[in-house]
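Data block below; observations after.
The values are calculated or read from the model by the stated rules, or taken from the named source; none is laboratory data. Predicted model, so just to flag it, every value in this text is computed and none were measured. Reconstructed Cβ throughout: ideal geometry from the backbone, glycine too, with neighbour counts over all protein chains shown. Only protein heavy atoms, including side chains, enter the accessible area calculation; ligands, DNA and RNA are left aside. Shrake-Rupley method; radii C 1.70, N 1.55, O 1.52, S 1.80 Å.
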Amino acid sequence: MKKILVSACLMGYECRYKGDGCKNQKLLELAKDNILIPVCPEQMGGLPTPRYPSEIVANRVIAKSGDDVTEQYMRGADFALQIAKANNVDCCIMKANSPSCGKGVIYDGTFSGNKTSGNGVTVQKLLDAGFTVLTENDI
(Lines give C-alpha, C1' and ligand atoms only; values in the text may rest on other atoms or scores of the structure.)
Protein backbone atom coordinates (compact mmCIF):
# COMPACT_ATOMS: atom_id res chain seq x y z
CA MET A 1 0.00 0.00 0.00
CA LYS A 2 1.41 3.35 -1.08
CA LYS A 3 0.72 6.84 0.19
CA ILE A 4 -0.09 9.19 -2.68
CA LEU A 5 -0.46 12.96 -2.44
CA VAL A 6 -3.19 14.02 -4.90
CA SER A 7 -4.80 17.21 -6.13
CA ALA A 8 -8.11 17.30 -4.26
CA CYS A 9 -10.04 18.33 -7.38
CA LEU A 10 -9.14 14.98 -8.97
CA MET A 11 -11.01 13.28 -6.12
CA GLY A 12 -14.08 15.37 -6.89
CA TYR A 13 -13.64 18.10 -4.28
CA GLU A 14 -15.12 21.30 -5.66
CA CYS A 15 -12.02 23.40 -5.11
CA ARG A 16 -10.98 24.43 -8.62
CA TYR A 17 -10.91 28.10 -9.53
CA LYS A 18 -14.43 27.96 -10.98
CA GLY A 19 -15.81 26.09 -7.97
CA ASP A 20 -16.04 22.65 -9.52
CA GLY A 21 -14.12 19.42 -9.25
CA CYS A 22 -12.77 17.19 -11.98
CA LYS A 23 -13.24 13.73 -10.51
CA ASN A 24 -10.92 11.19 -12.13
CA GLN A 25 -12.19 7.63 -11.95
CA LYS A 26 -8.76 6.06 -12.57
CA LEU A 27 -7.36 8.02 -9.63
CA LEU A 28 -10.27 7.03 -7.39
CA GLU A 29 -9.65 3.36 -8.23
CA LEU A 30 -6.16 3.74 -6.74
CA ALA A 31 -7.85 4.29 -3.36
CA LYS A 32 -8.72 0.58 -3.25
CA ASP A 33 -5.10 -0.39 -2.64
CA ASN A 34 -3.45 2.89 -1.60
CA ILE A 35 -3.87 5.82 0.75
CA LEU A 36 -4.78 9.00 -1.13
CA ILE A 37 -3.99 12.27 0.63
CA PRO A 38 -5.86 15.17 -1.01
CA VAL A 39 -4.49 18.71 -1.08
CA CYS A 40 -5.59 21.93 -2.76
CA PRO A 41 -2.57 24.21 -2.59
CA GLU A 42 -4.54 27.19 -3.85
CA GLN A 43 -7.10 26.95 -1.04
CA MET A 44 -4.37 26.12 1.50
CA GLY A 45 -2.58 29.28 0.38
CA GLY A 46 -5.63 31.35 1.28
CA LEU A 47 -7.37 31.81 -2.07
CA PRO A 48 -11.18 31.64 -2.16
CA THR A 49 -13.30 29.27 -4.22
CA PRO A 50 -14.42 30.28 -6.72
CA ARG A 51 -11.59 32.61 -7.75
CA TYR A 52 -10.20 34.18 -10.88
CA PRO A 53 -8.15 31.78 -13.00
CA SER A 54 -4.41 32.36 -12.67
CA GLU A 55 -1.42 31.70 -14.87
CA ILE A 56 2.34 32.00 -14.47
CA VAL A 57 3.75 35.15 -16.06
CA ALA A 58 7.49 35.84 -15.79
CA ASN A 59 7.89 33.76 -12.61
CA ARG A 60 4.88 35.38 -10.93
CA VAL A 61 1.38 33.96 -10.61
CA ILE A 62 -1.11 36.47 -11.91
CA ALA A 63 -4.90 36.19 -11.69
CA LYS A 64 -6.96 37.12 -14.72
CA SER A 65 -8.13 40.13 -12.67
CA GLY A 66 -4.52 41.39 -12.75
CA ASP A 67 -3.86 40.62 -9.07
CA ASP A 68 -0.49 39.09 -8.18
CA VAL A 69 -1.30 35.90 -6.23
CA THR A 70 2.24 34.53 -6.13
CA GLU A 71 2.39 34.74 -2.32
CA GLN A 72 -0.76 32.62 -1.90
CA TYR A 73 0.49 30.05 -4.43
CA MET A 74 3.87 29.83 -2.68
CA ARG A 75 2.24 29.48 0.75
CA GLY A 76 -0.04 26.70 -0.51
CA ALA A 77 2.88 24.95 -2.19
CA ASP A 78 4.82 25.06 1.08
CA PHE A 79 1.86 23.51 2.94
CA ALA A 80 1.49 20.77 0.31
CA LEU A 81 5.20 20.01 0.56
CA GLN A 82 4.96 19.81 4.36
CA ILE A 83 2.07 17.35 4.05
CA ALA A 84 3.99 15.24 1.53
CA LYS A 85 7.01 15.12 3.83
CA ALA A 86 5.03 14.51 7.03
CA ASN A 87 3.24 11.56 5.41
CA ASN A 88 6.35 10.27 3.65
CA VAL A 89 4.36 9.90 0.42
CA ASP A 90 5.57 7.51 -2.25
CA CYS A 91 4.47 9.74 -5.13
CA CYS A 92 2.20 12.61 -6.09
CA ILE A 93 -0.56 12.78 -8.70
CA MET A 94 -1.42 16.36 -9.50
CA LYS A 95 -3.82 18.21 -11.84
CA ALA A 96 -2.35 18.67 -15.32
CA ASN A 97 -1.83 22.17 -16.74
CA SER A 98 -2.53 23.97 -13.45
CA PRO A 99 -0.35 26.94 -12.39
CA SER A 100 -0.08 25.14 -9.05
CA CYS A 101 -0.23 21.45 -9.88
CA GLY A 102 0.73 21.15 -13.56
CA LYS A 103 3.76 19.07 -14.52
CA GLY A 104 5.66 19.55 -17.75
CA VAL A 105 2.94 21.66 -19.40
CA ILE A 106 1.10 24.69 -18.02
CA TYR A 107 -0.96 27.52 -19.49
CA ASP A 108 1.29 30.15 -21.07
CA GLY A 109 0.27 33.24 -19.08
CA THR A 110 -1.83 34.87 -21.82
CA PHE A 111 -5.22 33.49 -20.67
CA SER A 112 -5.76 32.35 -24.25
CA GLY A 113 -5.85 28.61 -23.56
CA ASN A 114 -2.41 28.16 -25.09
CA LYS A 115 0.09 26.01 -23.23
CA THR A 116 3.83 26.02 -22.77
CA SER A 117 6.39 23.82 -21.06
CA GLY A 118 6.81 24.34 -17.37
CA ASN A 119 5.72 23.22 -13.93
CA GLY A 120 3.20 24.64 -11.52
CA VAL A 121 4.45 26.21 -8.29
CA THR A 122 3.58 23.23 -6.06
CA VAL A 123 4.87 20.63 -8.49
CA GLN A 124 8.19 22.44 -8.77
CA LYS A 125 8.60 22.42 -4.98
CA LEU A 126 7.71 18.71 -4.82
CA LEU A 127 10.18 17.87 -7.59
CA ASP A 128 12.91 19.99 -5.97
CA ALA A 129 12.35 18.01 -2.75
CA GLY A 130 12.85 14.73 -4.62
CA PHE A 131 9.24 13.53 -4.91
CA THR A 132 8.00 11.66 -7.96
CA VAL A 133 5.21 13.64 -9.55
CA LEU A 134 2.69 12.49 -12.15
CA THR A 135 -0.51 14.00 -13.52
CA GLU A 136 -3.86 12.31 -14.03
CA ASN A 137 -2.80 11.81 -17.66
CA ASP A 138 -0.04 9.44 -16.49
CA ILE A 139 -2.32 7.03 -14.63
For this session: Return P(r) of the range 1-76 (all Cα-Cα pairs; 10 Å bins starting at 0; whole %; ordered from short to long distances).
Result: 20, 42, 27, 10, 1
Problem set entry | Between helix 70-86 and the chain: long-axis angle, C-alpha atoms, 0 to 90°, nearest 10 | 10
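For the range 56-132, count all C-alpha to C-alpha pairs, find those more than 22 Å apart, and express that count as a whole percent of the total.
21
I want the antiparallel fraction of DSSP beta bridges within the chain, as a percent rounded to 5.
Details: 8 of 20 bridges.
Approximately 40 percent, going by the DSSP bridge assignments.
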For this session: For every helix of n ≥ 4 consecutive DSSP H residues, a contribution of -39,500 (n - 2.57) applies; sum these over the chain, divide by its total residues, and give [θ] at 222 nm rounded to the nearest 500 deg cm²/dmol.
Result: -6500 deg cm²/dmol
For this session: Give me the number: length gained by fully extending Thr49 to Lys26, i.e. 0.36 nm times residue separation minus the C-alpha to C-alpha distance, one decimal in nm.
Result: 5.8 nm
Exercise. How large is the dipole of the chain about the Cα centre if only Lys and Arg carry +1 and Asp and Glu carry -1, each at its Cβ, rounded to the nearest 20 debye?
Worked result: 160
Exercise. How big is the accessible area of Arg60 in square angstrom, nearest 10, if you roll a 1.4 angstrom probe over the protein chains?
Worked result: 110
Problem set entry | Sequence-separation-based contact order of the chain, relative, with Cα cut under 8 Å and 6+ spacing, percent | 24
Exercise. What residue among Val39, Asn119, Gln25 has its Cα farthest toward the positive end of the dipole of the chain, where the charges are +1 on Lys, Arg and -1 on Asp, Glu, each on the Cβ?
Worked result: Gln25
For this session: Please work out the average accessible area per residue across the range 66-139, using the 1.4 Å probe convention, and give it in Å².
Result: 47
Problem set entry | Shape of the chain, Cα gyration tensor, a/c cut at 1.5 | prolate
For this session: Please calculate the 1.4 Å probe accessible area of Leu127, with all protein chains present, and give it to the nearest 10 Å².
Result: 60
Problem set entry | Where no second cysteine Cβ lies under 4.7 Å, the cysteines concerned in the chain | Cys9, Cys22, Cys91, Cys92, Cys101
